[in-house]
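S.K.: Please find one structure pasted underneath; my questions will follow.
The values are calculated or read from the model by the stated rules, or taken from the named source; none is laboratory data. As the structure is a computational prediction, the values presented were derived from the model and not from experiment. All Cβ positions, even for glycine, are placed from backbone atoms using ideal geometry, and neighbour counts span all protein chains on display.
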Amino acid sequence: MVWETILLAQREIRRNVLRSSLTILGIVIGVAAVITMVTLGGGATAQVATEISSLGTNLLQVHTGQGGRGPGGTRAQADMFKVEDAEAIAREISGLEAVAPNASQRIQTIYGNANWSTSVVGSTNGFLLVRDWLLESGRQFTDAELRTGKAVCILGSTVRKELFGDRDPIGASIRLQKISCQVVGAFQSKGQSSFGADQDDFVLIPLRAFQRRIAGSTDVSTIFISTKESGSVESIKHNIERLLRERRRIVNGEEDDFHLHDMREIMNTLTGTTRVLTALLGAVAAVSLLVGGIGIMNIMLVSVTERTREIGIRLAIGAVEKEVLLQFLIEAVVLSCFGGIIGIVLGLVAAAAGAQALKVPFVFNPGIVVVAFVFSAAVGVVFGYFPARKAARLDPIEALRHE
Amino acid sequence: MKPTVGEKSENGPLIELRAVTKVYGMGRAAMRALRGIDLTIAQGEFVAVMGPSGSGKSTCMNILGCLDTPTSGDYLFQGIAVGKLNRNQRAMLRRHYLGFVFQGYNLLNRTSALENIELPLIYRGTPVDKRRAMALEALYAVGLRGWEAHTPGELSGGQQQRVAIARAIVTNPRVLLADEPTGNLDSARSREIMELLTAFNRDRGITIVMVTHEPGMASYAKRQVYFKDGLIGNRSSREDTL
């Protein structure tokens, strides 16, 4: 009986192709909009997440000055960190994977007749760990090189390309300002960050070499810290803060003159923002689904009036209320499901096109496809019920007299 | 699905109306369409119901067809008190025992002749193969071989009424209720339809109750019943008029 009714419904729909298409247009647009918005939003969220995790999700950054962004955010008089601060953190805080004190400066690098202005970063091997850098060739620094501050360096892939082209840089000597520096390794490329910066444009040298030969001071501007995955970031942050306040002799009640950035926090904020935006856009799109449902109800009501005589015939022949109800309900549901399927296809196509245009990854979300389909079917049930009930309750005698 | 209502008596008359009244509306505006009629129709009869407009014959037909219930009195169909049945139970009686033929044919538009004839079988839950075979048999029985795929719009009035008759008899009903079946047809077409009905009454033993205005059509029936002002006037058998 149900199968018969579905066949009947699709025949009824085919008879009025133009009207049926106009009826489901609302559902099609609604579903397509929801699918497009949610898929694109999901892509954007995924992109933000991957970009931030390429910085290392378990990364903490400690800067001197205060954390506020924008003008006046940092206090000029805040003292720089020293290597000892980093060593103290590594020694006294548990749950850490690596600590990398860090200082950098923009310097002209020269090899043969090629030269390139880049950021020279002084740090330890911990830098590779905390920032997720992998070597493409060569090696990291030896303990002796770190201890003595030997003039050796590892090149970011941009610098390597600018200075060496396709040649192998390992073993060559490049000039950083006045000093000659031997290349011992080269990093794999990470590409552009989401903030548009070229992450590969730097040269890493041992921190001590940087301090002695380039900066001429023992200042450390930033300390990178990576936590173990299992540890609680909050308590680690708290411990580091307490330790640094102690070391920097900040009395109670006075504000920190340094700031801890937590990449997880930043990632959560950013992905949270895109998620909220996605939900908002999805909700707006869902409203059009509702409008589509009202369109279906409208047409079904017209259809019931138009087919009053048919309903009368069916009732006279022996259809019970339930069967007439089911017939019109199924017709509405078939219509809305059909609209839903077209909407899903259209939405996915639009999302794929949009993802390409906006350069975000296309993240297929089977959940939202299912939800959209179920929702469109539900729209058919909800908005088809009233007209169907109206049809089922018709008096067969009146219905047969209609027109 | 067989109706599970009432007690069926095997020996009683097929149709029995006892002091049936039907009142539409309430109070002063009340319209008494039937004022207490008694009518008994036995299995296999062919009865013509005649009378002027507003005499209550349509109301009576609606009650006989289980589309309506009496205000008072009893309607026993195969011994089942129809007045006590609910809407769905009455639909079940129609589905299993009754066939309808209307003046205006009342076929489903844009639906082929064969599919129109299949319609009551769908509600009976007849399997699709058997359904098709039964519908074809009924279509042939009304002389429309070759017109299976035509929609009502492509058929003449006489042909549409034949399809309607085929739809009514495809379930092999106990009773065929025909409401002015020849009202829209010319006399030649009318005679063909009447001959068809007579044949089904004679060959298949289907009881027929037919409303008509035309004495010529009524003469095909074995018995005539006259309605006047909501009452049955006088009965006469065909033998009396001859």
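S.K.: Looking at the structure I just gave you, is A:GLU162 acidic (Asp, Glu) and in contact with a helix residue (DSSP H, G or I) (Cβ under 9 Å, 6 or more places away or on another chain)?
M.R.: Working: acidic (Asp, Glu): yes; in contact with a helix residue (DSSP H, G or I) (Cβ under 9 Å, 6 or more places away or on another chain): no.
Against the criterion (acidic (Asp, Glu) and in contact with a helix residue (DSSP H, G or I) (Cβ under 9 Å, 6 or more places away or on another chain)), A:GLU162 does not qualify.
S.K.: Here's another thing I want to ask about it. Among the listed residues A:SER221, A:SER288, A:SER226, A:SER232, which satisfies the condition of being under 30 Å from A:VAL333 (Cβ atoms) and in contact (Cβ under 8 Å) with a residue 60 or more places away in the chain?
M.R.: Working: A:SER221 fails: under 30 Å from A:VAL333 (Cβ atoms); A:SER226 fails: under 30 Å from A:VAL333 (Cβ atoms); A:SER232 fails: under 30 Å from A:VAL333 (Cβ atoms).
One residue alone meets the criteria, A:SER288.
S.K.: If you go through segment A:82-94 one residue at a time, do you hit one that is in a strand (DSSP E or B) and at pLDDT 85 or above? Outline the logic, then answer.
M.R.: Taking segment A:82-94 first, the residues in a strand (DSSP E or B) are none.
Taking every residue of segment A:82-94 in turn, none turns out to be in a strand (DSSP E or B) and at pLDDT 85 or above.
S.K.: Taking segment B:1-37 as the search range and keeping residues that are at pLDDT below 85 and buried (at least 16 other Cβ atoms within 10 Å of the Cβ), which one is farthest from B:SER72 (Cα to Cα)?
M.R.: Per the stated criteria, the residue is B:PRO3.
S.K.: In segment A:249-264, which residues are of a type in the set (D, E, K, R) and buried (at least 16 other Cβ atoms within 10 Å of the Cβ)? Steps first, answer last, please.
M.R.: To start, the set of residues in segment A:249-264 that are of a type in the set (D, E, K, R) comprises A:249, A:254-257, A:262, A:264.
Once the filter is applied, which keeps residues that are of a type in the set (D, E, K, R) and buried (at least 16 other Cβ atoms within 10 Å of the Cβ), segment A:249-264 yields A:ASP256, A:ASP257, A:ASP262, A:ARG264.
S.K.: I would also like to ask the following. Say whether the condition of being among the small types (Gly, Ala, Ser), more than 14 Å from chain B (Cβ to nearest Cβ) and touching a helix residue (DSSP H, G or I) at 6+ places or on another chain (Cβ under 9 Å) is met by at least one residue in segment A:303-321.
M.R.: Taking segment A:303-321 first, the residues among the small types (Gly, Ala, Ser) are A:303, A:312, A:316, A:318-319.
Of the ones still in play, those that are also more than 14 Å from chain B (Cβ to nearest Cβ) are none.
Looking through segment A:303-321, none of the residues is among the small types (Gly, Ala, Ser), more than 14 Å from chain B (Cβ to nearest Cβ) and touching a helix residue (DSSP H, G or I) at 6+ places or on another chain (Cβ under 9 Å).
S.K.: Going through segment B:106-141 one residue at a time, which ones are part of a loop (DSSP other than H, G, I, E, B) and more than 10 Å from chain A (Cβ to nearest Cβ)?
M.R.: Initial filter on segment B:106-141 (part of a loop (DSSP other than H, G, I, E, B)): B:106-112, B:125-127.
Of everything in segment B:106-141, those that are part of a loop (DSSP other than H, G, I, E, B) and more than 10 Å from chain A (Cβ to nearest Cβ) turn out to be B:SER112, B:THR126, B:PRO127.
S.K.: Would you please list the contacts, defined by Cβ atoms under 6 Å and residues six or more apart or on different chains, that run from a residue in segment A:115-126 that is outside the structural domain of A:GLN177 (by TED's automatic domain parsing) to a residue that is crowded, with 22+ Cβ neighbours inside 10 Å and in a strand (DSSP E or B)?
M.R.: none
S.K.: A further question follows. Given the conditions (1) at pLDDT below 90; (2) closer than 27 Å to A:VAL320 by Cα; (3) not small (Gly, Ala, Ser), which single one is not true for A:VAL381?
M.R.: Result: A:VAL381 passes all but (1).
S.K.: Identify the residue in segment A:172-193 that is within 40 Å of the chain's Cα centre (by Cα) and small (Gly, Ala, Ser) and, among all such residues, is nearest to A:GLU145 (Cα to Cα).
M.R.: That would be A:GLY185.
S.K.: Next up: For segment A:304-403, which helices (runs of 4 or more DSSP H) that fit wholly inside it have 3 or more residues that are more than 50 Å from the chain's Cα centre (by Cα)? Walk me through how you get there before you give the answer.
M.R.: On the way: elements: A:308-317, A:321-358, A:366-392, A:396-401.
Output list reads A:308-317, A:396-401.
S.K.: Which is of a type in the set (Ser, Thr, Tyr) and in contact with a Pro (Cβ under 6 Å, 6 or more places away or on another chain), of B:TYR75, B:TYR97?
M.R.: On the way: B:TYR75 fails: in contact with a Pro (Cβ under 6 Å, 6 or more places away or on another chain).
Just a single option satisfies the conditions, and that option is B:TYR97.
S.K.: From A:LEU315, A:LEU329, A:LEU335, A:LEU290, which residue is surrounded by fewer than 20 Cβ atoms within 10 Å (Cβ to Cβ) and out of contact with any strand residue (DSSP E or B) (no Cβ under 7 Å at 6 or more places or on another chain)? Reasoning before the result, please.
M.R.: Numbers: A:LEU315 fails: surrounded by fewer than 20 Cβ atoms within 10 Å (Cβ to Cβ); A:LEU329 fails: surrounded by fewer than 20 Cβ atoms within 10 Å (Cβ to Cβ); A:LEU335 fails: surrounded by fewer than 20 Cβ atoms within 10 Å (Cβ to Cβ).
Going through A:LEU315, A:LEU329, A:LEU335, A:LEU290 in turn, just one is surrounded by fewer than 20 Cβ atoms within 10 Å (Cβ to Cβ) and out of contact with any strand residue (DSSP E or B) (no Cβ under 7 Å at 6 or more places or on another chain): A:LEU290.
S.K.: Test B:ARG204 against the stated conditions and say whether it is away from every other protein chain (no Cβ under 14 Å), free of Cβ contacts under 8 Å to residues at least 60 places away in the same chain and surrounded by fewer than 16 Cβ atoms within 10 Å (Cβ to Cβ).
M.R.: Numbers: away from every other protein chain (no Cβ under 14 Å): yes; free of Cβ contacts under 8 Å to residues at least 60 places away in the same chain: yes; surrounded by fewer than 16 Cβ atoms within 10 Å (Cβ to Cβ): yes.
Yes: the conditions hold for B:ARG204.
S.K.: Just to verify a result, which residue in segment B:142-189, among those that are charged (D, E, K, R) and buried (at least 23 other Cβ atoms within 10 Å of the Cβ), is nearest to the other protein chains (Cβ to nearest Cβ)? Spell out the reasoning first.
M.R.: Quick first cut of segment B:142-189, residues charged (D, E, K, R) only: B:145, B:148, B:154, B:162, B:167, B:174, B:179-180, B:186, B:189.
Those still in the list that are buried (at least 23 other Cβ atoms within 10 Å of the Cβ) too: B:162, B:167.
Working: B:ARG162: 17, B:ARG167: 8 Å.
Ranking the qualifying residues of segment B:142-189, first place goes to B:ARG167.
S.K.: Output the number of the condition that A:LEU277 fails; it satisfies all remaining conditions of (1) crowded, with 17+ Cβ neighbours inside 10 Å; (2) outside any strand (DSSP E or B); (3) under 22 Å from the mean Cα position of the chain (by Cα).
M.R.: For A:LEU277, the failing item is (1).
S.K.: A further question on this structure: With away from chain B (no Cβ under 14 Å) and either of a type outside the set (Lys, Arg) or within 30 Å of A:ALA392 (Cβ to Cβ) (or both) as the only criterion, which of A:VAL324, A:VAL360 stands out? Before you say what the answer is, go through the steps one by one.
M.R.: Details: A:VAL324 fails: away from chain B (no Cβ under 14 Å).
Testing whether each residue is away from chain B (no Cβ under 14 Å) and either of a type outside the set (Lys, Arg) or within 30 Å of A:ALA392 (Cβ to Cβ) (or both) leaves just A:VAL360.
S.K.: Give the number of residues within segment B:94-103 that are more than 8 Å from chain A (Cβ to nearest Cβ) and either over 25 Å from B:TYR75 (Cβ atoms) or in a helix (DSSP H, G or I) (or both). Walk me through it before giving the result.
M.R.: Going through segment B:94-103, the residues more than 8 Å from chain A (Cβ to nearest Cβ) turn out to be B:97, B:99, B:101, B:103.
With the extra rule that they be either over 25 Å from B:TYR75 (Cβ atoms) or in a helix (DSSP H, G or I) (or both), the set shrinks to B:97.
Number satisfying all stated conditions: 1.
S.K.: A further question follows. Restricting the first residue to segment A:167-179 and requiring it to be charged (D, E, K, R), which pairs with a second residue that is surrounded by fewer than 17 Cβ atoms within 10 Å (Cβ to Cβ) meet a Cβ separation below 6 Å and a spacing of at least six or different chains?
M.R.: Close Cβ pairs satisfying both conditions: A:ARG175/A:ILE110.
S.K.: Take the residues in segment B:49-69 that are in contact with a helix residue (DSSP H, G or I) (Cβ under 6 Å, 6 or more places away or on another chain) and within 14 Å of chain A (Cβ to nearest Cβ), then tell me which one is surrounded by the most Cβ atoms within 10 Å (Cβ to Cβ). It would help to see each step written out before you state the result.
M.R.: The first filter runs over segment B:49-69 and keeps only residues in contact with a helix residue (DSSP H, G or I) (Cβ under 6 Å, 6 or more places away or on another chain), leaving B:49-51, B:62, B:66-69.
Subsequent filtering for residues that are within 14 Å of chain A (Cβ to nearest Cβ) retains B:62, B:66-69.
Values: B:ASN62: 20, B:CYS66: 28, B:LEU67: 24, B:ASP68: 22, B:THR69: 18.
For segment B:49-69, the residue satisfying everything is B:CYS66.
S.K.: Which residues, taken from segment A:114-136, are at pLDDT below 90 and among the small types (Gly, Ala, Ser)?
M.R.: Matches in segment A:114-136: A:ALA114, A:GLY126.
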